[in-house]
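Quick notes on the structure that follows.
The values are calculated or read from the model by the stated rules, or taken from the named source; none is laboratory data. On a predicted model such as this, the values are computed, not experimentally measured, just so you know. Virtual Cβ from ideal backbone geometry, glycine too; neighbours counted across all protein chains shown. Accessible surface areas use protein heavy atoms only, side chains included; no ligands, DNA or RNA. Shrake-Rupley method; radii C 1.70, N 1.55, O 1.52, S 1.80 Å.
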Amino acid sequence: MPIQRRKFVAAVGAGAIVSTAGCSSTNDGGDGGDGGGGDGTGGNGTDGGSAAESVGVAGETLTLTTTTSTYDTGLLDEIHSDFEEMYGVTVDAVAQGTGAALETARNGDSDIVMVHARGLEDEFMRNGYGINRRDLMFNDFVIVGPESDPAGIQGMGSATEALTAIADAQAQFVSRGDNSGTHTKELNLWEAAGTDPGGDWYQETGTGMGEALNIANQQGAYTLSDRGTFISQRSEIDLTILVQGPIEGGPEILANPYGVMAVNPGVHENANYDLAMAYIGWITSPGVQNAISEYQVNGEQLFFPEAVSEDPDFQQYVPEGWSSDDSDS
Amino acid sequence: MPIEPVAQLAPALLDSGAGPASLFGASFREGYVGSIIAVSLYVSLTAVALSTLVSVPAAVAIGLTEFPGKGFVKSVVNTGMGFPSVVVGLVVLFAVSNQGPLGSLELIFTREAMIMSQFVLATPPITAISLAAVSGVDDGVRDAARVLGGTRIDVALVVIKEARYGIATAVLAGFGRAVSEVGSVLIVGGNITSADGISKTRTLTTAIQLEARQGRYETAMILGAVLVALVLTVNAVVVRFGDRGVAG
């Protein structure tokens, strides 16, 4: 009996070590790879500062909530290592829809947001949660569908006419239905087309862009996609671009601008504001803007930088249409 | 004594976590697969070890005593087995979010938050199955231990020894539940890797979800096969230790 009791104590001890190691590894953002806190490495949570002692932010972690379209295209992984090396920090990129990314930031759970729905961004800023917004880059939306094109929208110069044609033909249409930037754009387009979509042909999937493209692909349906995700996924699916966005001469209404904003430290004092501003400064710098324009998938450029310009553009810092005259509204 | 192998094996398995750059022809970045396996094992094994430390004593205590409302407690535990993982994820999210009661600990998007949600998910099945195993131990064994002068703890240990196969099954069921769920770890963990492709909070399940989202079904299937192999391995190890426990 005593032997077994000792065994039990040993087991309890081992369990306790695993659990304490887990706790002490909370700050080791830099070495996420050896997640094996159980082998004792979890104790060195403070060694992150060795990378750059002179910089005050070294060893810290920047939590960035962003959209699936920036993440799934691989852009962020491509450019972030440069920032991480420069400051000796870690960037935790969490890919959500635009709505969810803003909500996470609203709760104070992220330090910075990079999204693409100006209306939602403006609301976020007007409510005081976000500050120092910068225009970052753009690409465009395209209407994709099966090559057979049952609604006959191929080559249409107007996105709203194309949607009206789809609705009239009751052709299958897949909607993101997830409060993302793309979903917001799609709803704006339906509104501009004066059509209230509904019925068997209109499906809200509640999924990310890639999944929505997969579903549209399998059902031979139309959908609205950002060009970047479509290009990065084109080799996996049979859909084709039927209505082009402004990058290829399509209507301006299909433009897809991305913005980046810091979480207001006046609202959430735990937000890592210093690092967020360092990130905004870095990603809007000429060097990184250049890296964004050079990023290609399948030989095509996905994002077009727009942070660097000779001319002033004050609207990027404030909600659209804001002017000092209505500042007290 | 199924707790011991599970807890002590964690480091050993994690050390071998460095994976190949390509697996069955699918290309992954250096260390990517190894790191998501390591995170999966670290999170799920820790959660199950903690759950076991709570569940087995609780199951023994409930199983060996008679009290009013025992049936109610049992049905609460059984209901817990059916908790949807997304709901657990949401509850843990509210708890660890900056606005929540644990917000000051800054646990959101960390492995520790994932351990919390898997702990909540794994505890009910481990408790319920252990309870069934403990209840199934012959009363004569208990009485014999008591007659021989055993303390309450001695009696409990004898009962645990008799019920060890059932308890091992309970722990494996808990591990299976923890390692295979995707809903809660996605919400509280955020599916994060660093820019060089080393997982921080990405597990096999959330990696599969990410691949499927991007239409890379073959890659998703390969990761699925890795997950199944991992569960098989853990099962085999636990069963083997259980047998050796009998021989010793």
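How far, in degrees from 0 to 90, does helix B:70-80 lean away from the longest principal axis of the Cα atoms of chain B, to the nearest 10?
Long axis of B:70-80 versus the principal axis of chain B: about 10 degrees.
Tell me the accessible surface of B:ILE222 in square angstrom (1.4 angstrom probe, heavy atoms of protein chains only), to the nearest ten.
Its accessible surface works out to 30 Å², give or take rounding.
What order do A:SER309, A:SER158, B:SER27 take when sorted by accessible area (1.4 Å probe), most exposed first? Please report the intermediate quantities before stating the final value.
Numbers: A:SER309 75, A:SER158 25, B:SER27 100 Å².
Ranked from most to least accessible, the order is B:SER27, A:SER309, A:SER158.
Over chain B, calculate the relative contact order: mean separation of alpha carbon pairs under 8 Å at least 6 apart, over the residue count, as a percent. Could the numbers behind the result be given before it?
Numbers: 351 pairs, mean separation 65.7, N = 248.
Relative contact order, chain B: 27 percent.
Relative to the present Cα-Cα distance, how much length would full extension add between A:ASP149 and A:GLU294 at 0.36 nm per residue of separation?
On the way: separation 145, 0.36 × 145 = 52.20 nm, distance 3.29 nm.
Separation in residues times 0.36 nm, less the Cα-Cα distance, equals 48.9 nm.
Could you work out how much longer the chain between B:ILE153 and B:VAL237 gets when fully extended? Use 0.36 nm per residue separation minus the Cα distance between them, nm to one decimal. Don't skip to the answer; put the middle values down first.
On the way: separation 84, 0.36 × 84 = 30.24 nm, distance 2.78 nm.
Contour length minus Cα-Cα distance gives 27.5 nm.
Find the Cα radius of gyration of segment A:141-253, compare it with 2.2 N^0.38 Å by division, and give the number to two decimals. It would help to have the intermediate numbers written out before the result.
Working: Rg = 12.3 Å, N = 113, 2.2 N^0.38 = 13.3 Å.
Computed over Cα atoms of segment A:141-253, the ratio equals 0.93.
Would you please classify the overall shape of segment A:247-329 from the alpha carbon gyration tensor, given that a ≥ b ≥ c denote the square roots of the eigenvalues, rounded means a/c under 1.5, and beyond that prolate means a/b larger than b/c while oblate covers the rest?
Because a/c hits 1.5 or more and a/b fails to exceed b/c, segment A:247-329 counts as oblate.
For segment A:106-170 and segment B:170-242, what is the centre-to-centre distance using only Cα atoms, to the nearest Å?
A separation of 33 Å, based on Cα centres.
Can you tell me how chain B classifies by the Cα gyration tensor, rounded, prolate or oblate, using a/c under 1.5 as the rounded cut?
Values: a/c = 2.54, a/b = 1.66, b/c = 1.53.
Because a/c hits 1.5 or more and a/b exceeds b/c, chain B counts as prolate.
In the neighborhood of B:ILE187, defined by Cβ-to-Cβ distances under 13 Å, what is the net charge if each Lys or Arg adds +1 and each Asp or Glu adds -1? Provide the component values of the computation, followed by the final result.
Values: positive: none; negative: A:GLU103, A:ASP109, B:GLU181.
Taking every Cβ under 13 Å from that of B:ILE187, the sum is -3.
Using a 10 Å cut-off on Cβ to Cβ distances, tally the other chain neighbours for every residue of B:102-114 and report the average as a whole number.
4
Taking beta carbons within 10 Å but only from partner chains, what does the mean come to for residues B:210-220? Kindly include the intermediate steps, with their values, before the conclusion.
On the way: counts 6, 1, 5, 12, 15, 13, 4, 2, 1, 0, 0.
Taking the mean over all residues of the peptide, I get 5.
Mind giving me the nanometre distance, one decimal, between the label points for A:ASP200 and B:SER135, set 7 Å out from Cα along Cα→Cβ?
Roughly 5.0 nm, to one decimal.
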